[in-house]
Amino acid sequence: MRPIPRAGGVEPGAGASWTDVAYDAVAPGFFRTMGAVLVCGRDSSDRDREGVRPVVIVDETLAHRLWPGAIPQ
């Protein structure tokens, strides 16, 4: 585990703090294949590879915990 970076420059909301999270790298289309519904943002794609700006997909629980009332992008 390692600390997650800021999401689009959005700091954690009041009463929230950075946390360590478990993470895995997944192939493009993973969430679509698993039947997961994206609430906001996008699934991973072929453009997400080494050498480009890294992206992260978080679940709704973590998003609400770290950025209450905000939409991390």
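The values are calculated or read from the model by the stated rules, or taken from the named source; none is laboratory data. Just so it is clear, the model here is predicted, and its values are computed rather than measured. Cβ atoms come from the backbone with ideal geometry, glycine included; neighbour counts cover every protein chain shown.
Quick notes on this one:
- Qualifying positions in the range 19-33 - exposed (fewer than 10 other Cβ atoms within 10 Å of the Cβ) and either outside any loop (DSSP other than H, G, I, E, B) or in contact with a strand residue (DSSP E or B) (Cβ under 7 Å, 6 or more places away or on another chain) (or both): D20
- Inter-residue pairs, beta-carbon under 8 Å, first closer than 24 Å to H64 by Cα and assigned to a loop (DSSP other than H, G, I, E, B) and in the range 36-52, second modelled with pLDDT of 85 or more and aromatic (F, W, Y), 6+ apart: L38/F31; D43/F30; D43/F31; S44/F30; S44/F31
- A single entry from R65, R53, R6 fulfils the requirement of being out of contact with any Gly (no Cβ under 6 Å at 6 or more places or on another chain) and modelled with pLDDT of 80 or more: R53.
- Subset of the range 44-56 that is under 11 Å from the mean Cα position of the chain (by Cα) and either over 14 Å from D24 (Cα atoms) or of a type in the set (A, V, I, L, M) (or both) - its residue that is surrounded by the most Cβ atoms within 10 Å (Cβ to Cβ): V56
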